Amino acid sequence: MILTEILEQAINEQASDVFIVAGLPVSFRKNNIIHRINDIKLLPSDTETMLKNIYECAGNRDISILHNIGDDDFSFSIKGLSRFRVSAYKQRGAFSAVIRIITFTLPEFNELGLPEYVTHLGDSGKGMVLVTGPAGSGKSTTLACIINQINRSQQKHIITLEDPLEYLHRHDQSIVSQREINVDTENYVTALRAALRQSPDVILLGEMRDYETINVAMTAAETGHLLFSTLHTIGAANTIDRIIDVFPANQQQQIGVQLSMVLTAVVSQQLVPTIDGQVTPALEIMTVTPAIRNMIRDNKVHQIDGIIYSSMKEDMISMDGSLLNLYKQGRISKDTALKYATNPDMLGRKL
């Protein structure tokens, strides 16, 4: 099978991911459901040939990384087609890959179903904004849209640190420096420390993975920069707990105080299936108010859910409130709303 033909078919069918795994036909993920494109099972020799083609498309990237380590993440472009993010790996000794399709053009907020409030998260000028959710929930796309909005409307220096690069941003009103981990710089921590000396206004940190990255990110936000990043958590309170728990017990009180001062907003999102067979984002949005700052500082994070749940404002809405709105708009079914709810019993009574 020819790689470019497979990728072209995936784009035409509006798939989000392509699966190349020995023992199975080539498969696409579309609207969160995996479909096999035919009945032809791939042999290990087929997947090895296809992986070699992928590495050639990625500027003849060194495939020995995959041979030696068994995992490799990178991105590449095919002119006139699209950009692609690849996670190559070995399974049962055979080469395999999952390819995420990334369009050249950035989608607009209204196309994605994101509320207008999210478009203005880049207006604050300083602090930390976190976009959280499970893998594949559209965090990178949401952040790319926010960065694009800043780029089009403000004169800033934006530095993105990503592993690998996904959406490419052209210089518009802003200067956009995009750095890929392991290609342009050694790691997130090294790149983030260097970024603080590169006169940034906005820093996009692809993921806050560990203690050291979170520590430097907090410092960056504390020194007056606007920092965006992601975490694989669901819900604002869980996100705050996750950050604090990364630190040793004797530092957690101090980190709580620090986080209460720098955190601006947490957007937690998941993609839910719509009645017409598409997917749409459901979002919990927490804007940090003085009351929430006090809760974070005083280690009363568990009370935050109550504040979010009781509010229905655009800048403070619970996941269940978002699902309720989607149900009222006729976009999702009652069963879908209950399946993705954080408190199904309470949402069930509202429905």
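Kindly establish whether residue 83 is among the charged types (D, E, K, R) and out of contact with any helix residue (DSSP H, G or I) (no Cβ under 6 Å at 6 or more places or on another chain).
It is true that residue 83 is among the charged types (D, E, K, R) and out of contact with any helix residue (DSSP H, G or I) (no Cβ under 6 Å at 6 or more places or on another chain).
Looking at region 245-255, can you tell me whether even one residue there is in contact (Cβ under 8 Å) with a residue 24 or more places away in the chain, of a type in the set (Phe, Trp, Tyr) and not in a helix (DSSP H, G or I)?
Yes; the residues of region 245-255 include at least one that is in contact (Cβ under 8 Å) with a residue 24 or more places away in the chain, of a type in the set (Phe, Trp, Tyr) and not in a helix (DSSP H, G or I).
Could you check region 109-128 and list, in sequence order, the residues that are within 16 Å of the chain's Cα centre (by Cα) and surrounded by fewer than 20 Cβ atoms within 10 Å (Cβ to Cβ)?
Selection gives 109, 112, 113, 119.
Return the pair list, or none, for Cβ contacts closer than 6 Å from residues in region 64-90 that are free of Cβ contacts under 8 Å to residues at least 60 places away in the same chain to residues that are acidic (Asp, Glu), at least 6 apart or on different chains.
65/72; 66/72; 87/73; 88/72; 89/71
Looking at residue 194, is it among the hydrophobic types (A, V, I, L, M, F, W, C) and within 16 Å of the chain's Cα centre (by Cα)?
no
Filter region 9-25 down to the residues that are within 24 Å of the chain's Cα centre (by Cα), surrounded by fewer than 20 Cβ atoms within 10 Å (Cβ to Cβ) and part of a helix (DSSP H, G or I) and list them by number.
The answer is 11, 12.
Would you please name the residue that is surrounded by the fewest Cβ atoms within 10 Å (Cβ to Cβ), looking only at residues in region 324-351 that are of a type in the set (A, V, I, L, M) and out of contact with any Lys or Arg (no Cβ under 9 Å at 6 or more places or on another chain)?
Once the filter is applied, the top-ranked residue is 346.
Give the number of residues within region 61-81 that are surrounded by fewer than 17 Cβ atoms within 10 Å (Cβ to Cβ) and in contact with a Leu (Cβ under 9 Å, 6 or more places away or on another chain).
Of the residues in that region, 3 qualify.
For region 104-129, which residues satisfy the criterion of being among the polar types (S, T, N, Q) and touching a residue at least 24 places away in the same chain (Cβ under 8 Å)?
Of everything in region 104-129, those that are among the polar types (S, T, N, Q) and touching a residue at least 24 places away in the same chain (Cβ under 8 Å) turn out to be 119, 124.
Could you grab me the full set of residues in region 79-94 that are among the basic types (Lys, Arg), within 20 Å of residue 64 (Cα to Cα) and not in a strand (DSSP E or B)?
Correct list: 92 only.
Could you tell me which of the residues 222, 284, 212 is without any contact (Cβ under 8 Å) to a residue 60 or more places away in the chain, touching a helix residue (DSSP H, G or I) at 6+ places or on another chain (Cβ under 9 Å), within 30 Å of residue 30 (Cβ to Cβ) and charged (D, E, K, R)?
When all the criteria are applied, what remains is 284.
Out of all the residues in region 36-48, which are of a type outside the set (Lys, Arg) and surrounded by 13 or more Cβ atoms within 10 Å (Cβ to Cβ)?
The answer is 37, 42, 44, 46, 47, 48.
Among the numbered conditions (1) under 27 Å from residue 183 (Cα atoms); (2) touching a Pro at 6+ places or on another chain (Cβ under 9 Å); (3) of a type in the set (Lys, Arg), tell me where residue 61 comes up short.
Result: residue 61 passes all but (2).
A short reminder: the numbers here are calculations on the coordinates, not readings from a lab. Because the structure is a prediction, the values reported are computed rather than measured. We place every Cβ from the backbone using ideal geometry, glycine too, and count neighbours over all the protein chains shown.
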